[in-house]
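A short write-up of the structure that comes next.
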Amino acid sequence: MSEQRFGEFVAVRRHEHVAELVLDRPKAMNAVSTEMARSIGAACAALGEDPSVRVTVLTSSGDRAFCVGADLKERNSFTDAELVRQRPVARGAYTGVLELPMPTIAAVHGFALGGGFELALACDLIVADATAVVGLPEVSVGVIPGGGGTQLLPRRVGAARAAELVFTARRLEAAEAESLGLVDRLVDDAREGALELAARIAANSPVGLRAAKRAMRLGQGLDLRAGLEVEDAAWRSVAFSGDRAEGVAAFNEKRKPEWPGE
């Protein structure tokens with residue numbers, strides 16, 4: 001396993017075709033400072049340009065928290081002008097995760113609150129363990145979810161349920177979070193469970209995985225006819241690929257495919 005650091009608080013570890021993006025600021029419960037947000041964005045930019053990465057898993061260091069959101073101690077020191085200047089950096093972290101082209105999985109252990117839960121919501125799938133506590137408490141401190149939460153949570157659980165969770169600012173423990181669809185799988189260990197799921201996904205065609213994600217993301221919110229056109233365009237992008245030729249050949253030859261990734 002290799003590791004690459006992005007600043008002091010973010011690391012990327014490689015497990016063959018799975019990349020593990022690690023939030024590594026445990027003394028602050030992985031609160032996202034300006035420096036950390038910049039590092040998350042840089043790590044995502046590097047991952048997005050690496051065709052060998054088939055799945056990215058977002059994990060965290062420390063026992064208590066996945067991520068407790070924005071660094072409010074830092075924010076408290078900002079002038080209004082500094083807060084305005086910091087906003088694009090913060091957005092870059094959330095959109096960086098959201099726009100990763102390969103399938104993404106969040107591994108939630110401990111608290112995932114505010115921007116921390118929004119980082120998880122930016123992933124395609126959320127795996128959690130019994131320690132998980134999630135929520136979007138921003139209105140309780142005078143702001144709103146600003147890392148995509150007002151848009152991603154309704155798409156995941158529906159408008160009314162998202163409204164109740166955002167407006168009450170309440171926290172949900174793991175079992176309720178799963179029952180309401182805020183997390184997709186409860187496992188014994190979030191990181192191990194997410195990496196196991198990632199390995200299973202990574203066995204499939206990297207070209208197919210990225211095209212399927214693109215079709216689902218671009219088709220979301222469109223009417224059915226328009227969505228099917230998005231799907232057809234994605235199908236055409238893979239139908240004559242090396243991965244498609246290898247997949248069909250491997251199936252007929254009853255062997256494991258060796259994906260060219262193109």
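Structure notes:
- Quarter of Cα convex hull surface for the stretch 10-125, i.e. mean projection, nm²: 6.5 nm²
- Projecting the Cα atoms of 96, 108, 69 onto the charge dipole of the chain (Cβ charges, centred on the Cα centre) puts 96 farthest toward the positive pole.
- Relative contact order for the chain: 15 percent, from Cα pairs under 8 Å spaced at least 6 residues apart, divided by residue count.
- For the chain, a simple Cβ point-charge model (Lys and Arg +1, Asp and Glu -1, everything else neutral) yields a dipole of about 280 debye relative to the Cα centre.
- Convex hull projection area averaged over all views, the stretch 72-158, Cα basis, nm²: 6.3 nm²
- Dipole axis of the stretch 45-197 (+1 Lys, Arg; -1 Asp, Glu on Cβ), positive-most option in 60, 79, 137: 79
- As a length-normalised measure over Cα pairs under 8 Å and 6 or more apart, the relative contact order of the stretch 98-252 settles at 23 percent.
- Helix 242-253 and the longest principal axis of the C-alpha atoms of the chain enclose an angle of approximately 60°.
- Measuring nothing but protein heavy atoms, the accessible surface of the stretch 182-225 at 1.4 Å probe radius is 52 percent carbon and sulfur.
- Dipole magnitude of the stretch 39-89, debye to nearest 20 (Cβ charges: Lys/Arg +1, Asp/Glu -1, about Cα centre): 100 debye
- Farthest toward positive dipole pole in the stretch 144-257 [+1 Lys/Arg, -1 Asp/Glu at C-beta], among 166, 237, 194: 237
- The 3J(HN,Hα) values that the Karplus relation (6.51, -1.76, 1.60; θ = phi - 60°) gives for the stretch 139-144 are, in residue order, 5, 6, 10, x, 10, 10 Hz. Gly and Pro appear as x.
- Amide H partners (placed H, <5 Å) of residue 70, local residues excluded: 32, 115, 116
- What you get for the stretch 1-114, charging only the Cβ of Lys and Arg (+1) and of Asp and Glu (-1), is a dipole of about 180 debye around the Cα centre.
- Evaluated at q = 0.11 Å⁻¹: base-10 log I(q)/I(0), Debye formula over Cα of the chain: -0.62
- Reference-scaled alpha-carbon Rg (2.2 N^0.38 Å with N residues) for the stretch 112-167: 1.05
- Max mean-square fluctuation residue, GNM over the chain, Cα-Cα springs under 10 Å, options 151, 220, 86: 220
- Those lysines that a straight Cα-Cα span of less than 26 Å connects to residue 73, excepting residues fewer than 8 apart in one chain: 27
- Relative contact order %, the stretch 196-246, counting alpha carbon pairs below 8 Å whose residues are six or more apart: 40 percent
The values are calculated or read from the model by the stated rules, or taken from the named source; none is laboratory data. Here the structure is a predicted model, which is why all the values come from computation and not from measurement. Glycine also receives a Cβ, built like all others from the backbone with ideal geometry; neighbour counts cover every protein chain displayed. Accessible surface areas use protein heavy atoms only, side chains included; no ligands, DNA or RNA. Shrake-Rupley method; radii C 1.70, N 1.55, O 1.52, S 1.80 Å.
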